[in-house]
Amino acid sequence: GGIITQTPKFLIGQEGQKLTLKCQQNFNHDTMYWYRQDSGKGLRLIYYSITENDLQKGDLSEGYDASREKKSSFSLTVTSAQKNEMAVFLCASSTTGVDTQYFGPGTRLLVL
Amino acid sequence: GQQVQQSPASLVLQEGENAELQCNFSSTATQLQWFYQRPGGSLVSLLYNPSGTKHTGRLTSTTVTKERRSSLHISSSQITDSGTYFCAMEQGQGGSAKLIFGEGTKLTVSS
């Protein structure tokens, strides 16, 4: 089996700050995803990547950047954090396309 | 409009009762998955069911593709089944395919 690790578990930042979230997977999966989940809501796709150095925008990409530095890692940057932006950011990976996705534990973001 | 709609939004049951969760999607889905999220936890894939009926343990999913709907039946619910259940459909094809999630059904099972 494999595991998806997300760091940090909790992230507190100031308004306007640039914040970076990291995700690592050891499944050797090709595709990785970043989702945002607001409290009590479903998941919305921010960015995904089908291979190293690839980047595809999801429905919620504005205000975010992403980087697939290598096959096992996918990072997400909040370019200018907005006050009262509280959400959980979930990273996922899959072999290809939408084969079963495996999710990380999430990073909880709070902006003061 | 919302591409994936789930109902009910929340469901409260007594232990031992059966649960029926519904998912309707706005376009023909070639892939449909059900996920479970325990409170404060991450998502776990339960069933991958683009069409027909699939079982795993106490879970049964039935997807009728041409009617753009899927259901998840949980038999003899247990307190540990409490959490939020999401359905997600595929959008796009091949390597660019991605999942569109519904807003979930929050299930609470009490003793």
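The values are calculated or read from the model by the stated rules, or taken from the named source; none is laboratory data. These figures come from a predicted structure and were not determined experimentally. With ideal geometry, Cβ positions are generated from the backbone for all residues, glycine too; neighbour counts draw on all protein chains shown.
Going through A:Asn84, A:Asn53 one at a time, which residue ends up being surrounded by fewer than 19 Cβ atoms within 10 Å (Cβ to Cβ), more than 14 Å from A:Leu11 (Cβ to Cβ), modelled with pLDDT of 90 or more and touching a strand residue (DSSP E or B) at 6+ places or on another chain (Cβ under 9 Å)?
A:Asn53
Considering only segment B:74-111, state which residues are modelled with pLDDT of 95 or more, away from chain A (no Cβ under 14 Å) and assigned to a loop (DSSP other than H, G, I, E, B).
B:Ser75, B:Ser76, B:Ser77, B:Gln78, B:Ser82
Looking at A:Gly1, A:Gly13, which one is more than 12 Å from the chain's Cα centre (by Cα) and more than 14 Å from every other protein chain (Cβ to nearest Cβ)?
Details: A:Gly1 fails: more than 14 Å from every other protein chain (Cβ to nearest Cβ).
Among A:Gly1, A:Gly13, only A:Gly13 is more than 12 Å from the chain's Cα centre (by Cα) and more than 14 Å from every other protein chain (Cβ to nearest Cβ).
Out of A:Thr77, A:Thr107, A:Thr96, A:Thr31, which single residue is in contact with a Pro (Cβ under 7 Å, 6 or more places away or on another chain) and either at pLDDT 95 or above or facing chain B (nearest Cβ under 9 Å) (or both)?
On the way: A:Thr77 fails: in contact with a Pro (Cβ under 7 Å, 6 or more places away or on another chain); A:Thr96 fails: in contact with a Pro (Cβ under 7 Å, 6 or more places away or on another chain); A:Thr31 fails: in contact with a Pro (Cβ under 7 Å, 6 or more places away or on another chain).
After ruling out the rest, the residue left standing is A:Thr107.
Taking the options B:Ser42, B:Ser51, B:Ser10, B:Ser71, name whichever one is within 14 Å of chain A (Cβ to nearest Cβ) and surrounded by 13 or more Cβ atoms within 10 Å (Cβ to Cβ).
Exactly one of B:Ser42, B:Ser51, B:Ser10, B:Ser71 is within 14 Å of chain A (Cβ to nearest Cβ) and surrounded by 13 or more Cβ atoms within 10 Å (Cβ to Cβ), namely B:Ser42.
Looking for whichever is in contact with a Cys (Cβ under 6 Å, 6 or more places away or on another chain) and in contact (Cβ under 8 Å) with a residue 12 or more places away in the chain here; the options are B:Gly102, B:Gly41, B:Gly83. Which one fits?
The conditions single out B:Gly102.
Report, by residue number, each residue of segment A:34-55 that is more than 8 Å from chain B (Cβ to nearest Cβ), among the aliphatic types (A, V, I, L, M) and over 10 Å from the mean Cα position of the chain (by Cα).
Listed by number, the list holds a single entry, A:Leu55.
Only one of B:Thr108, B:Thr62 is surrounded by fewer than 18 Cβ atoms within 10 Å (Cβ to Cβ), more than 17 Å from A:Gly40 (Cα to Cα) and among the hydroxyl-bearing types (Ser, Thr, Tyr); which?
B:Thr62
Yes/no per residue for (1) surrounded by 13 or more Cβ atoms within 10 Å (Cβ to Cβ); (2) of a type in the set (Lys, Arg):
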site	(1), (2)
A:Phe10	no, no
A:Lys22	yes, yes
A:Gln25	yes, no
A:Asn28	no, no
A:Tyr48	yes, no
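Output the residues belonging to segment A:48-72 that are under 18 Å from A:Thr96 (Cα atoms), out of contact with any helix residue (DSSP H, G or I) (no Cβ under 7 Å at 6 or more places or on another chain), part of a loop (DSSP other than H, G, I, E, B) and not charged (D, E, K, R).
Those that are under 18 Å from A:Thr96 (Cα atoms), out of contact with any helix residue (DSSP H, G or I) (no Cβ under 7 Å at 6 or more places or on another chain), part of a loop (DSSP other than H, G, I, E, B) and not charged (D, E, K, R): A:Thr51, A:Asn53, A:Leu55, A:Gly58, A:Ser72.
Check A:Thr107, A:Thr96, A:Thr79 and return the single one that is in contact with a strand residue (DSSP E or B) (Cβ under 7 Å, 6 or more places away or on another chain), surrounded by fewer than 16 Cβ atoms within 10 Å (Cβ to Cβ) and within 17 Å of A:Leu45 (Cβ to Cβ). Walk me through it before giving the result.
Details: A:Thr107 fails: surrounded by fewer than 16 Cβ atoms within 10 Å (Cβ to Cβ); A:Thr79 fails: within 17 Å of A:Leu45 (Cβ to Cβ).
That would be A:Thr96, the only listed residue that is in contact with a strand residue (DSSP E or B) (Cβ under 7 Å, 6 or more places away or on another chain), surrounded by fewer than 16 Cβ atoms within 10 Å (Cβ to Cβ) and within 17 Å of A:Leu45 (Cβ to Cβ).
Please work out if A:Ala66 is under 10 Å from the mean Cα position of the chain (by Cα), more than 9 Å from every other protein chain (Cβ to nearest Cβ) and aliphatic (A, V, I, L, M).
Taking the combined requirement at face value, the residue satisfies it.
Go through (1) free of Cβ contacts under 8 Å to residues at least 40 places away in the same chain; (2) under 13 Å from A:Gln25 (Cα atoms) and name the single condition A:Asp54 misses.
The single condition A:Asp54 does not satisfy is (2).
Identify, by number, the condition in (1) over 25 Å from A:Gln6 (Cβ atoms); (2) under 12 Å from the mean Cα position of the chain (by Cα); (3) without any contact (Cβ under 8 Å) to a residue 24 or more places away in the chain that B:Thr53 doesn't meet.
(2)
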